[in-house]
Structure formats: C-alpha cells, structure tokens
Amino acid sequence: MLFQTFPAQISFEKSLYDLIRGLRNHKGNEKEYIQHSLKECKAEIRSQDMDVKATALLKLIYLEMFGHDMSWASFNVLEVMSSAKYLQKRVGYLGAVQSFRPDTEVLMLATNLLKKDLTSTSPTTISLPIITLPHVITPSLALSVLSDLLPRLTHSQPAIRKKTIVTLYRLALVYPETLRPAWPKIKERLMDEGEDPSVTAAIVNVVCELGWRRPNDFLPLAPRLFELLVDSGNNWMAIKLIKLFATLTPLEPRLVKKLLPPLTNIIRTTPAMSLLYECINGIIQGGILSSSDDGGDEIATLCVSKLRGMIMLEGDPNLKYVALLAFNKIVLTHPYLVAQQEDVIMDCIDSPDISIRIRSLDLVVGMVSSDNLMSVVGRLMRQLRNSPSAPANGLNDGPAPAIEPAAESDDESPEVPVKPDKGASQETLLPDDYKMDVINRILEMCSSNNYGNLVDFDWYIDILIQLVRNAPVPSLGRPLHDSDPGSQDLSTDVSGKIGDELRAVAVKVKAVRPQAARAAESILISTCNDSTTQLNAGSAALRAIAWIVGEFASCLLSLDATLTALLHITKTSTSKTGLIVYLQALPKIFALMTGDDQTAWTPERKTMVSLLMSRIIHALEPLAMHPDLEVQERAVEFSELLKLSAEASSGQEASTDDAGQAAPLLLTQAIPSLFTGLDLNSVASGAQKNVPMPAGLDLDQPINENLSNLLRAVDYSSFDGPEEDEFETYYHQPPPQAPSVVEPAINRLGDASGEVVHSYQQGGEESYLDPDIVARRRADRIERNKDDPFYIASSDVASGISTPLHNILKNNNGPDLDIDAIPIMQLDIGKPTVQVSPKRSSVPKTRHQIQVAVDETLAMSGTSSPRNEDSENSGDGIHRQRPSKGKSLLQVDSSHIGGFSLDGDNGNGIDFERQQKEEKEMVEAMKKVEKMRLEMQRANERIQAAQGVEGTVIKKKKKKAKPADGADGEVSMVKRKKAKKTANVDVDGEPSTAVEDVVKPRKKKKKPKAEVDENTDQQEA
C-alpha cells in the first residue's frame, strides 16, 4: 500500500524476483508499473556498485523480453561484461546476446575483451565469449578473434571444443576465409576415433550444413561418416548423417550398395519415428529407390509398409502428414506400391486436419486409375455435399486453447491450461478454398490424359451437375473473371471451370453430346425458376452453359423453356462477359424454333413467331446502349435482324385451306444459315500463340481517338437494374407450383440423422447426388436394361416378362406355355464326352469405346491437347531443386559460401571463374614470352652468322657477284677452294667469271657455304 501511495518518494533496490512478483500483483496496471521499473533500472544501472549495476541489467533483460528496448544501455552492458566476478560477467554477456547487433557502436570496444576472455584459463569464462560470438559476429570481428578461437579446438574440455566448432561455423557464414585455417583442425577432430561423442556430433552437424552446398569436398570423408552411421547410437547424429549421404549418393553411386544394409536395419529396428522417417526420406532423396539393380524394389516395399503404419497410428497428425509427404515422392517411382495403400490414404481425406486432407488429395490425384476413379470421386463428392461450409479464413477464426494466469500468489501454479469444450460440434468446417481445391482435383482426375480414365460419361455429366450445385459462391470481396479474365487463382469463381468442363465434354465426345446439352438445359432452367439455387445471372458457369444450349440447340428437350430462361438471365445479368455469350445463344435457339421450312405458315405459327420476336427485341433494345462495345455490337446486329424478320413476317400472308403459303425465307433460310456449317471443335491452348501477326497490324493504335469522351458521355442510368413491365410480369414470373421433389418432409427429416458412411466403398450414388439426379439415373438404367434377362429389377417393376425369348415362346405356343412341348436331350452320364473348359478368371465387362476428339492445333504447336500437362500438386519429387534462400535462420547471407572450396593451401580465396580467367591469361602470357624468346634467338643467330660462324641455316636471296680486282680474285680463289679443291683459275677477271659460272649450280646444293661466301664478300666490300 505504501508503494502504491507514494511510488515516487520510495526508492529501494529490487531483485528480479521482486520485479516479477510486483508485475503479477499489478494486474490491469502493468504499463504504469513497467514504466516505473524502467526508471528505477536507468538510475540503478549508473551506479558505481557493480552488484547494483548487474541486478539492474538483469531486470532490463527481463523487460526486454516484453518488447521494451534496451539498446540505450549497451555501454553499461559492456561494463558488466568486463567484471572480474563470473556471476556478473555472465549477466553482462547475456545482455550482449539480447541487445547487441552487428551495427552496435560499442561492439568494436568489446573486441579486446572477447580476445582476453577467450584466452582465459577458466573453462566457464571461455564459454561466455564462445556462446556470445554467434549472435554479434561481423566480418571484422571474425578476423580479429579467429586466431584466438582456433586454439580452443584442442582444449582439454570436450564442451569447449564442441562450442568452438559450432561457433566457427557461424563465423564461416559471415567470413568464409575462416574455413581455410579451421577445416584441417576440424577434420582432424573428426578422424580421431577417441574423440568425445558430443564433439563428433557437433562436427557432423557442421559438415551436414556445409555438405549440401559443396558435396564434392566431403566425398573423401565418406568412409569415416559410414563408420559413425553404423557404430554410433546417437539418433540425432544418425539423422544428420543420413541427410548428408542423401546429397553424396548422386555423386558416388557406389555408396548405394554400401548404405542399403545399415539403412534397412535402422528402418526395421528403430523405435524412434523421427529417425525412421529421416531414413525413408534419405533413401528417397538419395535415389536409392530408383536403382532396381541394388534392391530398390525391396527397400521400397519396406518403406511403404512402415509409412502405412505411421498413417494408421492414432493420435499423431504430424506423423500422418510426413508419411503422406513421403508417399507423394514414392509414387513417382513405385506407383503400384502406393496404390495398394488406397484404404489408409482415402481415410486421410476425411481427417479433421485440412493440411492432411490437402496432402492426401495430392496423392490421390497421382494414383487414380480407371478402376478406382468412380469410388474416389464419389468419396470427395460425399464430402462436399455433407460437410458444412466455413469462410476461407475460418480455420483461424476460432479461439485456440490458451494459457491464462490464474494464480494470485507465488506458491500457486501460475498457469492453468484452458481445456477445449468437448460439447462443441465435432463436424469439420470446410473452408471455401478447400472446397475449390477439391473441385479442381475432381476435374483434373476425370479429364486427365484426354479422359483416358473415364469409362462412364453419363456418370461424369451427373457429377458436373452436382458440382455446379455444390460449388461455393464467391464472396463480394473476391475478384471475378470480369475483373481479371486470366486469373487462375482459387479466389475466382470455380463454377466457371465446371462449365468449361461440361462444354469440353459436349464438344469432344459426340456420343454423349445430347446428354451434355440437356444437362446444361436443366441447369439453366433451374437457375431461372428455383429460388434456392446458388447460381445467379453473373455466375461463371452460365457462360459455358449458355454456349452449349445455343450451339447444340437441336439436342434440347424444351426450346421454349430454355429461351425463356435465357431471356430472363439476359435482362438481369450485369456481367459483360456473360451478356456476350447470352446474346450469341439467343438467335441460335430462335433460328431452330422458327426455321422449319416444312411446316405450313399457319396463322397460329405466324402469331407465335411474331410474339417470340417481340420478346427477344424487347430484351435486346436496352442493351444497344450498353457501355461495353461488344455487347452493343451484338445487341444491335441481332435486334435489327429480328426487326427485318418481323417486317417480313407481317408482310407474309398466312396459309388458308384454299392456298398454302410458305414461311418467309428470312426465317427459314437466311437466319439459320448464319449458324450452320462446320462444327466448332476444341482448340489447343498453345495454338493461338503460333498464329503469325499480320504485317500491317498495329495493336497499339487506337481505333477512335475520341473514344474515351464518347464513352464518358453515355448515360448509365438505364442500366442500374432490370426493367419491370408487362413482359417481365407475364413471361418471367412463373406461377407458384408444387416442388419438384414429391417426398414427404418426415422422410427427409429422418434421413438427416442417418448412418454416417465410414468407408469410401459404402454408400451409393444417392449419398452424393441430389434426389432428382438419382431418380433420373435410375429411370434411364431401368429403361436400358428392361430387355436384359439377367437384370433383376425392383419389386415394383416387372422384369423378365417381356424378354425376347418369352415373346418367341408366347407367339409359337399361345398364351399358355406347354411345358411338354419343350424338347428334352438325353445325357449319357457314363460316357462323358463333353470336355470341361478350364476355369478362367473373371473378365471385366467390356464397355463401349467412346471416341474423344483431341484439340486442334497448328503444326508448330508442341502439344495436341492441354490435358497432357502434368499436375501442379505432384511436383514434389526427388529431383526438386532446393529453393535458393538469401538468408538462413540466423539472418545471415550465406549464399557466397557455396563457391568456397576447401581444397588448396592458398589463402587468396579465389573463386573458380576467377581462377579460370587467370589461367587463361597465364597461357597467353606464356605464348608471348615464347614468341619473344624465339625472336631473340633468331636475332642472336643472325649476329653470330655475321661474325663468321659456319653452319647457320638461314636462307637468303643470292646476289649476283660482280667482277672485282685482285682482292676480289683472291677472295674468289678462297671460294673456289671451298667449293671444289681441283679447280684451277687465274687471278684475272675473265677466268674468275667463268669459274663463277661453273660453280653457280653447285652453290644451290651447299647453301651454308654459299651464305658464308656472300657474308665474306659483303665484309670485304
């Protein structure tokens, strides 16, 4: 009470325990208490008493954990660090770890203190700077303390050696040159078999972190690492070694045979789930499963069995998640083994954890086949239909189990866990994003490989109808296709993809085109008449549906009802992309309704056609002033065409009993010819890119310079809402009628609490399809199998009475069948002559081959169908590249350490590219030196030849000798003696000339002597 009354006048030293207890006692008033405590700490930390300073620093460290900055006390932290007492020094180093950063100004003042403590004789004192350096290290500080840190690798205490190794790795991330002097000593510690296990584990940890960057440098350590894997009993070190070997096996395939026995033994014997998973993951990433020659199939079977056990283990969703991740990687190499685990994988689809569901979906897409497609899709459809919906962020909206302080005194337990409410609903709320993902996966599975896995297209069309009804409606904040037509994000309206898939089936599969068109017709009519449906005029699915009913109008059951629904949607729609499709579908249906040239032009038909044209013109006229130009163009074109048709219809007299009249040609020939001709086939997605652009086309040039002003002047008031008039009241508001499903309400209430289907093999189509779809499918099935004698119908349907065999017997024998008239064959049991055919395995019932058209494309297009693309969720494989991260968890950019090589003794730290460049420059320099040496040698030889040295082989042009005096004759005498000793010549000029002529051919054979003679002549001259 005294402290609360006079907080400013009372000042006494409080310990950390007092601070914590006071903070608990001031509930609701923590801010004021903390601010007052900070003021006290600021005053106490300036004290000359080191005990008071250390206590204040300890309280500041505690308050810093609540988010209060203490960087202003960095110099005081340095003072406490320099204390001679260990307890105070420890507090100072703790404050440095909490508050110091690489840009702290006083950090340079702490360099000498760190070096001094590193050379201390006390192990506890040495540990303080070693564990502090990783948090405050900078390149300059690493260079300064490296020389003092390396001797600690040979310290007598194993704890000091272990901490030093880990700190050196942290220094190497900031200053890679640390590894040059440190790596030989670290390698020596690793090779020492008598080293402490904790030090060896630390070295293995460092080697594993460096190994994935440059695995080639660590291949020589493989024998020692293998010994540690086999002999060590440390699970943590075994996990690190397995990860390291996973990066080394691609470089050295011989390691696979060496690693298989110990890894198999670990998988079979270890009780630790973490080590078991890391073994399996290391085998997958190391490529051991893909090597069939080295027992890959056997180890794959073992891994799959262990992963199955991890999934079946109850109560641990983490194990299920990692097991599904491993299954997604194994399915790439051994899909048949993963397909055998279909039961446990399908159970994960209904897991309460959404992340497990997504991973299982990834796996199901990769293992689906024609045999299990219907069961898998049925399981997902049942999940969509029965599970309640939740917002996209509904997973994080609920309050998580929290921990509340519930103790009033220090003796009580300060924290009490709040248990979740067990009475809450156990049903999993499915967010809309997950539902969209499930719908996308269903479409992907059914349409993969150009519908290669689909065997029943009627069933697929019913699935698409149900998906349209169950598709989540996008919220107001989500962008639709109008705002971003090319967006493929999950936030868009997924019903558009369902409609596109229904359109693709109608275009590609001609055998089921009528069924697809009638399905589109039913969806369109229910959108207009059913008020409970989620679809509206702006739904993306209606665009493809309107295209189907317009393009294949001849397959529709009720043209009048379809046209009425399409007119209603056209008048209420505000989507420009939807209106473009609706306007194109209207004249197609109208042309089919009025284009029959075989029917007489009766007054009834004339009236009906006139009224029909009036309805369509009335719906199109307001759209002639729509702000979108394409909507304008189509509305004006079709409205003017119908106005001409109306004039032609009114001018054409109706048929009478006396004289028959034909319908106007504009209705029977002109308008239908606009929409008849070649069929529209699907086009490959990459075909449009291969169409060359015309030379004179400039897409950047505006069509009209004043277009923006024209659009700005348009009055938008007429497009605020649909116009209500007598046409709308008469044609677009159907009278109230009874619901289509005539089922008692008590039956539907009774089904609500029905038995939950626990297996994907249980439950029929009625569990995931609406009752009207189920009833229609049942009626089609009964009609299709009414003449099948092996089909057993329900009790209310007479089956087997009107079979063809019964009709033949009835026609021949009358209404009463004569049993005695049936011929009887005598069988001789004693002489069995009938050969019993060997028992054959049950052959599945053959199905009709349905031709599916491929997408049209140009010759330059690389693919014929966009369905051949790989799935985006199955990309996790063993060859997936590791994402490049600029910074690690320590917030240090370690990307440059990947180019650092541990080989070589030079300390320059030259990278590979720079080394190659220098070697190339060295080769060019050596060539230049060699060239200069040769030039100098040749010059020296020329100088020696000029001084009279014989034997120099240098070919020069021979100069013709001129007549000379006695001196010349003397020289010629010498020349003759060298050329031929038997030659006798005078000293006169003429004989000299004759001798020269005789000797001239011989000079060509003895070039060195001739060269010497010429040089001698030049010297004497």
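Read the figures in this text as sums done on the coordinates, not as results from a lab. Only a predicted model underlies this, so the values are computations on that prediction, with no experimental measurement involved. Glycine gets a Cβ as well: all are built from the backbone with ideal geometry, and neighbour counts include every protein chain shown.
So the values come out like this:
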| item | result |
| --- | --- |
| Shape call, the range 35-98: gyration tensor on alpha carbons, a/c limit 1.5 | oblate |
| Fewest-first sequence of Tyr277, Tyr451, Tyr460 by Cβ atoms within 10 Å of each Cβ | Tyr451, Tyr277, Tyr460 |
| Long-range amide H partners of Val683 with built H, under 5 Å | Glu856 |
| Projected-area average for the range 78-160 over all orientations - Cα convex hull basis, square nanometres | 5.0 nm² |
| Cα centroid separation - the range 495-551 against the range 84-116, whole Å | 72 Å |
| Relative contact order [Cα under 8 Å, 6+ residues apart], the range 1-145, whole percent | 16 percent |
| Projected-area mean, the range 138-193, by convex hull of Cα positions, square nanometres | 3.6 nm² |
| Vicinal HN-Hα couplings computed from phi for the range 545-552 (Karplus, 6.51 cos²θ - 1.76 cosθ + 1.60; Hz; Gly/Pro x) | 5, 5, 5, 5, 5, x, 6, 10 |
| Which of Trp547, Trp212 has the fewest Cβ neighbours within 10 Å, and the rest in rising order | Trp212, Trp547 |
| Residue exposure sequence - Ser198, Ser531, Ser370 - by fewest surrounding Cβ within 10 Å | Ser531, Ser370, Ser198 |
